[in-house]
1. Asn161 fails exactly one of the following numbered conditions: (1) surrounded by 14 or more Cβ atoms within 10 Å (Cβ to Cβ); (2) touching a residue at least 60 places away in the same chain (Cβ under 8 Å); (3) among the polar types (S, T, N, Q); (4) farther than 25 Å from Phe37 by Cβ. What is the number of that condition?
2. So which of Ser41, Ser84, Ser4 ends up being farther than 26 Å from Cys192 by Cα, small (Gly, Ala, Ser) and surrounded by 16 or more Cβ atoms within 10 Å (Cβ to Cβ)?
3. Filter segment 113-123 for residues that are of a type in the set (A, V, I, L, M, F, W, C), more than 11 Å from the chain's Cα centre (by Cα) and buried (at least 17 other Cβ atoms within 10 Å of the Cβ) and give the result.
4. Please work out if Phe191 is part of a helix (DSSP H, G or I), modelled with pLDDT of 95 or more and farther than 25 Å from Pro20 by Cβ.
5. Might you check whether a residue that is closer than 30 Å to Tyr15 by Cβ and of a type in the set (A, V, I, L, M, F, W, C) occurs anywhere in segment 32-52?
6. If we keep just the residues of segment 219-250 that are in contact (Cβ under 8 Å) with a residue 40 or more places away in the chain and part of a helix (DSSP H, G or I), which is farthest from Phe48 (Cα to Cα)?
7. Among the residues of segment 17-45, write down those that are within 27 Å of Ser188 (Cβ to Cβ) and modelled with pLDDT under 95.
8. Tell me which of these Ser188 doesn't satisfy, since it passes every other one: (1) touching a helix residue (DSSP H, G or I) at 6+ places or on another chain (Cβ under 6 Å); (2) in contact (Cβ under 8 Å) with a residue 24 or more places away in the chain.
Amino acid sequence: MVKSEFDDCFQNGNYDALRPYHVDNAIILAAGMCSRFKPLSDTKPKAFLKVKGEILIERMIRQLIEAEIPEIYIVVGHQKEAFSYLAEKYGVYLIENTEYAVRNNLSSIYAARKVLKNSYICCSDLYCMENIFDSYVYESYYAGTFSSAKTDKLCVTTGFNGKISRIRKGGSNCWYMTGPAYWDNQFSARFCELMQKEYDDPGSKDLSWEAFYSNHLDELSLTLRKYPEGIVREFNSLDELCLFDTSYIPYRDSLKAT
């Protein structure tokens, strides 16, 4: 099915034809220790930071439920007990990553490999100003935002049909990867096949899933889904959080004073 046919089916409510494009689940990666947010992350996982009056991970779960995503999985590790109440409150499922302390977040994808289908992949500190999740998605993608200023994010070059063809660390006047990714069944199957072949290689231990994907751009295809600046946010430092939620400024300044 080409994109125009997908759009026509969706607009006309022909959901039977769209069944192969129906989102099966969302995977929230929440196992890490978030060392860049110490000492805040010493007492609670970064996912439980309250931003603009809402707990980050609860806000995202509510958006996923609103988008009618049928299953939500949270991959936990550091302070895993803190997430238990979410299963009862929202009906989500918890998957334990027992390797979170010694490996990067590729290990969380590995822990969730048996449930990867048509799946959203989200970090636990994601904050979307509006609900950008859909119940039907045409193709695999990574969300991105444009930066005219210099950034240290993962910047991308796109080629034919918006496919990501190159990833580099840092840049300016460029699109960078931020926010959720979406993997369709084909992408999930191929990613897992490659991951299982290389998972025990010494070099894979420190890889994020994005770095692993970057190593296989010729075999794993994601488009860049572009969003205006400010729609999708990830907080990689306390300073970034303070720019968005000024209630954290006194706390940050008190740390600098000590």
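The values are calculated or read from the model by the stated rules, or taken from the named source; none is laboratory data. What you see is a predicted model; the values in this text were computed from it and never measured. Here the Cβ positions follow ideal geometry from the backbone for every residue, glycine too, while neighbour counts run over all protein chains shown.
1. Condition not satisfied by Asn161: (1).
2. On the way: Ser84 fails: surrounded by 16 or more Cβ atoms within 10 Å (Cβ to Cβ); Ser4 fails: surrounded by 16 or more Cβ atoms within 10 Å (Cβ to Cβ).
Just one listed residue meets the conditions, Ser41.
3. Passing the criteria: only Leu116.
4. Numbers: part of a helix (DSSP H, G or I): yes; modelled with pLDDT of 95 or more: yes; farther than 25 Å from Pro20 by Cβ: no.
Against the criterion (part of a helix (DSSP H, G or I), modelled with pLDDT of 95 or more and farther than 25 Å from Pro20 by Cβ), Phe191 does not qualify.
5. First, the residues of segment 32-52 that are closer than 30 Å to Tyr15 by Cβ: none.
No, every residue in segment 32-52 fails to be closer than 30 Å to Tyr15 by Cβ and of a type in the set (A, V, I, L, M, F, W, C).
6. Taking segment 219-250 and keeping what is in contact (Cβ under 8 Å) with a residue 40 or more places away in the chain, we get 221-238, 241, 244-245.
Filter once more, keeping what is part of a helix (DSSP H, G or I): 238, 241, 244.
On the way: Leu238: 14, Leu241: 13, Phe244: 16 Å.
Checking each candidate, the answer is Phe244.
7. In the first step, residues of segment 17-45 are kept if they are within 27 Å of Ser188 (Cβ to Cβ); the result is 17-34, 45.
Of everything in segment 17-45, those that are within 27 Å of Ser188 (Cβ to Cβ) and modelled with pLDDT under 95 turn out to be Gly32, Met33, Cys34, Pro45.
8. (1)
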